[in-house]
Amino acid sequence: MRIDIITCLPQLIESFIGHSILQRAQANNLVTLTLHDLKKYSQDKHGRIDDYAFGGGAGMVMTPVPLATCIEELLSENKYDEIIYMTPDGVTFNQSMANTYSLKENIMIICGHYKGIDERIRQKYVTKEISVGDFVVSGGEIPAALIADAIIRLVPRVMNDETSALTDSFQDDLLAPPVYTRPANWEGMEVPEILLSGHAAKIEDWRLQQAMERTKKRRPDLWKKYSE
């Protein structure tokens with residue numbers, strides 16, 4: 001898999017992708033994750049990539065030329081399954097989308113900044129607009145890093161135990177059940193006896209019941225979806 005991220009602040013993502021699962025995925029040649037500094041594609045001698053919005057109003061807008069130049073360069077080198085733009089008005093990212101994208105070959109992610117990007121870039125190039133929630137952050141870098149992590153950890157052979165990802169929250173529209181480790185008794189609080197029984201079938205049934213109860217209590221929206 002290849003993921004290209006276009007950003008005007010690559011340093012915000014560099015540390016994130018250089019550690020843990022993302023670092024191992026790249027070191028093992030399972031994923032190619034490349035950051036593209038948008039300012040290098042600016043035609044302005046000061047590297048500006050923003051300008052005032054037509055019609056007035058507060059805030060600046062990312063201009064189309066640097067973005068188009070970068071995107072066209074990448075398109076000349078690779079065919080992309082999806083060109084994603086991180087934006088608050090996009091569809092909310094979820095685990096099902098992460099599963100789908102983990103099976104793709106090439107993905108491009110555009111990080112917005114300021115008041116966003118020129119609408120014509122969205123119309124011409126973007127195939128999917130994604131949000132990470134109903135809130136606004138300073139730019140698309142952190143959201144892009146989040147979805148890259150969610151996708152890459154599902155790529156075959158990235159995780160040491162691939163079955164671990166299959167039991168994560170949201171994989172089956174349920175939250176994950178509670179988990180415990182040693183010591184079995186900590187400050188008077190004991191691990192549920194069923195988990196010490198060694199009876200695999202009963203343990204799985206207990207975990208399912210716990211997941212259902214937790215989802216019903218904490219996420220009634222998910223519980224409704226699961227029940228249906």
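A few notes on this one:
- Residues in segment 95-113 that are of a type outside the set (A, V, I, L, M) and crowded, with 17+ Cβ neighbours inside 10 Å: Y101, S102, N106, C111, G112, H113.
- Residues of segment 3-21 classified as crowded, with 16+ Cβ neighbours inside 10 Å and either touching a strand residue (DSSP E or B) at 6+ places or on another chain (Cβ under 9 Å) or free of Cβ contacts under 8 Å to residues at least 40 places away in the same chain (or both), total: 11
- Taken as a whole, the condition of being under 18 Å from Q171 (Cα atoms) and either out of contact with any strand residue (DSSP E or B) (no Cβ under 6 Å at 6 or more places or on another chain) or assigned by TED's automatic domain parsing to the domain that holds E14 (or both) applies to Y101.
- When segment 189-204 is filtered for residues that are of a type in the set (S, T, Y) and surrounded by 12 or more Cβ atoms within 10 Å (Cβ to Cβ), nothing remains.
- Among the candidates T181, T215, residue that is of a type in the set (V, I, T) and not in a loop (DSSP other than H, G, I, E, B): T215
- Given (1) within 11 Å of I152 (Cβ to Cβ); (2) touching a helix residue (DSSP H, G or I) at 6+ places or on another chain (Cβ under 8 Å); (3) in contact (Cβ under 8 Å) with a residue 40 or more places away in the chain, index of the condition R24 fails: (2)
- Test: residue in segment 9-31 that is hydroxyl-bearing (S, T, Y), touching an Asp or Glu at 6+ places or on another chain (Cβ under 9 Å) and either at pLDDT 95 or above or not assigned by TED's automatic domain parsing to the domain that holds I107 (or both): no
- Qualifying residues in segment 36-47 (those that are among the charged types (D, E, K, R) and at pLDDT 95 or above) - the one nearest to P10 (Cα to Cα): D37
- Hey, M86 within 17 Å of the chain's Cα centre (by Cα) and under 22 Å from F170 (Cα atoms) or not: yes
The values are calculated or read from the model by the stated rules, or taken from the named source; none is laboratory data. Please read all numbers here as calculations on a predicted model, not as lab measurements. Note that each Cβ is placed from the backbone with ideal geometry, even for glycine, and that neighbours are counted across all protein chains shown.
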